[in-house]
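Notes follow once the structure below has been shown.
The values are calculated or read from the model by the stated rules, or taken from the named source; none is laboratory data. Nothing here was measured: the structure is a model prediction, and the numbers come from that model. For neighbour counting, all protein chains shown are included, and Cβ atoms are generated from backbone atoms with ideal geometry for every residue, glycine included. Quick note on the areas: whole protein, heavy atoms, side chains included, nothing else; ligands and nucleic acids left out. Shrake-Rupley method; radii C 1.70, N 1.55, O 1.52, S 1.80 Å.
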Amino acid sequence: MDTCGSRSVNKKDGAEDRALRWTQTFIPTLKEDPAEAQVPSHRLMVRAGLIRQLVAGAYTYLPLGLRALHKAIRIVREEMDRAGALEILMPAIHPAELWQETGRFADYGDTLMKVRDRKGALLVLGPTHEEVVTDLVRNHINSYRQLPVIFYQIQTKFRDEPRPRFGVLRTREFLMKDAYSFDVDVPHLNQSYERMYQAYCRIFDRCGLKYVVVEAESGPIGGEASHEFMVLADTGEDALVECERCRYAANLERAEIGEGDTPPPALNEKQLRKVHTPGRSTIEQVSGFLQCLPQQMIKTLIYLADGEPVAVLVRGDHEVNENKLRRVLGASRIELADPDTIQRVTGAPVGFAGPTGLRLKMLADRAVMLISSGVTGANEADYHLVGVQPGRDFQPDRVADLRVASDGDSCPRCSGTLRLRRGIEIGHVFKLGTKYSAKLGANYLDEKGQSHPIIMGCYGIGINRILAALIETSYDAKGIIWSVSLAPYQVLVLPLNVANAELMRTAERIYRELMEQGIEVLLDDRDARAGFKFNDADLIGLPLRVVIGEKGLQRGEVELKWRHQAQSFTVPVEQAASRAASEIRSALQRLA
RNA sequence: CGGGGUGUAGCUCAGCUUGGUUUAGAGCGCUUGGUUCGGGACCAAGAGGUCGCCGGUUCAAAUCCGGCCACCCCGACCA
């Protein structure tokens with residue numbers, strides 16, 4: 001590109017600091033909110049000139065956004081290296097056959113992006129890389145002497161999401177740090193896992209994020225244990241619970257519930273009695289019709305566990321947690337039964353099933369057993385039973401924690417209370433075990449020459465989400481409030497009047513001195529009014545602002561202001577750069 | 001995939017119901033000149049649009065009808 005063309009208005013600028021002068025870089029700020037942006041991070045990232053959308057779920061990172069992204073990448077890379085993980089770079093295009101080997105070609109379904117090459121061969125755009133690393137390892141690692149090893153990469157992933165949304169929070173193309181550990185046995189896996197877990201804590205601490213670590217379901221990736229790193233935000237897509245008293249926290253998909261359920265008020269019905277409830281099949285309809293509370297009702301759901309029908313009882317105001325159900329039953333596949341099956345096993349249409357007289361394997365949530373007199377379906381169309389007493393009128397085969405936790409439930413670990421929160425998932429660590437190594441034949445030979453599948457773990461971080469999550473939790477009415485560690489630049493030098501030569505000389509000097517001290521600085525050399533520049537400064541949210549104005553200069557002073565603080569302070573001109581530099585250094589120190 | 005919404009200038013939107021005085025508009029942004037200059041200034045003159053695409057109705061379509069596409073929202077789904 002020709003840099004000497006029409007844009008070189010400021011002739012004194014060399015190419016070397018182009019990115020450091022506002023007039024020479026590209027920061028397209030917007031005064032108005034973009035119509036499509038719903039959440040704060042999306043709105044502000046667009047308005048502050050960090051990103052622009054190309055299609056649904058794919059964004060261009062502009063210079064400011066890219067700088068912040070690079071900051072996050074750098075922190076992640078430093079901590080991965082420090083934890084002893086080895087950086088590699090795997091391809092984004094994978095042969096479909098590799099995915100068919102593990103069965104995930106089918107499991108991933110439409111989320112997998114597929115392309116055909118010129119020969120007609122089917123390729124997959126990698127949504128994650130278990131298959132590819134495991135293929136690498138099976139071909140090149142075969143001895144216990146080569147273990148343990150952790151590989152990681154920072155690479156673009158592709159997932160054809162059913163619904164990309166919330167700006168950079170859920171996209172079809174995104175940057176992910178994915179790491180994979182390989183160990184000889186579970187104790188060693190646990191060590192690798194712990195190492196990654198600690199590295200994640202350091203990464204997110206350094207980013208300045210406030211996060212909680214929650215116990216999580218491992219999802220379709222499989223495995224036995226997993227934790228998610230969540231940034232609490234009302235706009236987050238994930239629901240989780242957090243104990244008010246102890247450190248217990250879990251994704252809602254996983255959250256256990258303590259035994260402290262309080263029984264609902266008893267009905268006035270002591271005897272079992274059949275009542276006519278024409279056309280009332282939902283909890284809402286029946287409780288309204290019979291003038292009872294939903295929590296006095298017993299909801300009877302017929303599930304198919306690996307094809308076998310089972311009855312699952314929960315209180316009317318509760319929901320079944322299918323993950324818990326699957327685990328309790330030891331089943332691999334759980335689904336709600338179809339209407340035909342329900343008619344066949346209960347003798348009634350959907351909405352009238354009940355435990356009394358039901359000849360089926362029956363599981364009940366603990367809260368159900370505390371109902372002293374309840375309402376439930378009569379296994380007969382248009383009839384319900386009232387005065388139902390667990391133990392007397394039915395006896396489940398098993399009582400367990402089967403429901404989705406809700407706000408106010410008791411903590412499974414202490415006597416505290418669980419609170420429902422929303423969060424943004426920024427990192428996830430899993431113990432995979434041998435799921436992939438067994439399928440792909442990634443084995444090692446032990447000291448005795450015996451072959452075993454390698455024990456794996458996998459560890460992901462959504463790099464783009466780090467930025468979005470930070471902004472989502474750190475902004476005000478004026479704009480973004482960056483942490484020092486992720487900010488695209490650390491200091492903004494803002495001369496108020498670029499036409500004043502002496503003032504500009506001072507600004508340039510402070511700017512040079514800051515650069516010499518290794519501080520990342522942006523000089524707002526635009527010929528614009530003060531208010532305009534202040535508003536843009538607040539919008540892009542650089543941590544420290546140095547304002548050089550005529551009045552201050554007459555007193556020999558410049559103004560320093562932290563973006564996150566309301567008050568500014570003045571320092572003598574000659575100390576401005578060193579003071580700003582030391583402020584930044586100590587702020588960085590606090591995050592390290 | 002189901003339901004809803006929106007596509008008009010770089011951005012935010014009006015105009016569409018009731019087709020023709022609209023030669024397609026406003027504000028912001030952009031260009032030029034001037035006045036201003038510590039919290040999104042003012043005046044003047046400009047540049048910028050196949051009204052998402054294709055077809056239909058009509059003497060006449062941004063406006064009515066049909067189809068398609070894109071984007072957004074709710075749900076389902078999902079790291």
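For chain A, a simple Cβ point-charge model (Lys and Arg +1, Asp and Glu -1, everything else neutral) yields a dipole of about 720 debye relative to the Cα centre.
When only Cα pairs under 8 Å and 6 or more residues apart are kept, what is the percent relative contact order across chain A?
Values: 1264 pairs, mean separation 97.3, N = 592.
With pairs under 8 Å counted, the relative contact order is 16 percent.
Between A:Leu591 and A:Arg247, the C-beta separation translates, for a Förster distance of 25 Å, into a calculated FRET efficiency of about 0.65. For segment A:447-590, the carbon plus sulfur part of the accessible surface works out to 47%, probe radius 1.4 Å.
Using a 1.4 angstrom probe, figure out how much accessible area segment A:258-416 has per residue, in square angstrom, rounded to the nearest whole. Could the numbers behind the result be given before it?
Values: 7440 Å² over 159 residues.
Counting only protein heavy atoms, the per-residue value for segment A:258-416 is 47 Å².
Can you tell me how much longer the chain between A:Asp476 and A:Glu319 gets when fully stretched, taken as 0.36 nm per residue apart minus their C-alpha distance, in nm with one decimal?
Numbers: separation 157, 0.36 × 157 = 56.52 nm, distance 3.71 nm.
That works out to 52.8 nm of additional length.
Between A:Arg327 and A:Ala266, the simple spin-label model (points 7 angstrom out along Cα→Cβ) gives 3.4 nm.
Per residue, the average separation of C-alpha pairs within less than 8 Å and at least 6 apart gives segment A:208-366 a relative contact order of 16 percent. Near A:Arg366, once Lys and Arg are set to +1 and Asp and Glu to -1 for all other residues with Cβ below 12 Å from its Cβ, the sum equals -2. Helix A:130-140 axis versus longest C-alpha principal axis of chain A: approximately 80°, rounded to the nearest ten.
Which net charge results for the neighbourhood of A:Pro294, defined as the other residues with beta-carbon distances under 11 angstrom from its beta-carbon, given Lys and Arg at +1 and Asp and Glu at -1?
Once positives and negatives cancel, what remains is 0.
Let me know the Kirkwood hydrodynamic radius for chain A, please, with Cα pairs as the basis and the value in Å to one decimal.
Numbers: mean 1/r = 0.0358 Å⁻¹.
The Cα-based Kirkwood calculation yields 27.9 Å.
When only alpha carbons are used to place a centre, segment A:126-203 and segment A:535-591 end up 41 Å from one another. For a modelled paramagnetic label at A:Gln38, 7 Å from Cα along Cα-to-Cβ, the residues of segment A:384-423 in reach, with backbone nitrogen under 18 Å, are A:422-423. Between the residues A:Gly374, A:Ser332, A:Ser281, the greatest Cα displacement towards the positive end of the dipole of segment A:273-400, with unit charges on the Cβ of Lys, Arg, Asp and Glu, is found for A:Gly374.
List, in the order given, every pair from A:Lys478/A:Lys533; A:Lys177/A:Lys431; A:Lys210/A:Lys561; A:Lys270/A:Lys324 whose Cα-Cα distance in the structure shown is over 21 Å. Those over the limit are A:Lys210/A:Lys561; A:Lys270/A:Lys324.
With the convex hull constructed from alpha-carbon coordinates only, segment A:437-499 shows a mean projected area of 9.4 nm² over all directions.
When DSSP assigns beta bridges and you keep just the ones with both residues in chain A, what percent turn out antiparallel, to the nearest 5?
Working: 92 of 113 bridges.
About 80 percent, rounded to the nearest 5.
Dividing the C-alpha radius of gyration of segment A:381-486 by 2.2 N^0.38 Å, with N its residue count, gives 1.93.
Just the Kirkwood number for segment A:16-120, please: inverse of mean 1/r across all distinct Cα pairs, in Å, one decimal.
Working: mean 1/r = 0.0561 Å⁻¹.
Roughly 17.8 Å, rounded to one decimal.
When you restrict to C-alpha pairs under 8 Å that are six or more residues apart and normalise by the size of segment A:273-400, the relative contact order lands at 29 percent.
Average projection, convex hull of the Cα set of segment A:489-591: 6.0 square nanometres.
Summing +1 for each Lys or Arg and -1 for each Asp or Glu among the other residues whose beta-carbon sits under 11 angstrom from that of A:Phe158 gives +1. Could you run the Debye sum over the Cα atoms of segment A:273-400, one equal point scatterer each and no solvent, and tell me log10 of I(q)/I(0) at q = 0.09, 0.14, 0.19, 0.21 Å⁻¹, two decimals? Normalising to I(0) and taking log10 leaves -0.21, -0.53, -1.00, -1.23.
What value, in deg cm²/dmol to 500, does the helix sum -39500 (n - 2.57) over DSSP H runs of n ≥ 4 give at 222 nm once divided by the residues of chain A?
After summing the helix terms and dividing by the residues of chain A, the value is -8000 deg cm²/dmol.
Segment A:Ala400..A:Arg118, full-extension length gain: 96.0 nm, with 0.36 nm per residue of separation and the alpha-carbon distance subtracted.
If you place +1 on the Cβ of every Lys and Arg, -1 on the Cβ of every Asp and Glu, and leave all else neutral, what size is the dipole of segment A:489-591 about its Cα centre, to the nearest 20 Debye? Before the final figure, lay out each step's value.
Working: 14 positive and 15 negative charges, 53 e Å.
Dipole magnitude for segment A:489-591 comes out near 260 debye.
The GluC sites (Glu not before Pro) found in segment A:231-294 that occupy coil by DSSP, while having at most 10 further C-beta atoms within 10 Å, are A:Glu259. Taking a label point 7 Å from the Cα of A:Trp562 along the Cα→Cβ vector, which residues of segment A:190-217 have an amide N closer than 19 Å to it? Under 19 Å, as judged by backbone N against the label point of A:Trp562, lie A:205-211 of segment A:190-217.
Using every pair of separate Cα atoms, the Kirkwood estimate puts the hydrodynamic radius of segment A:89-205 at 16.1 angstrom.
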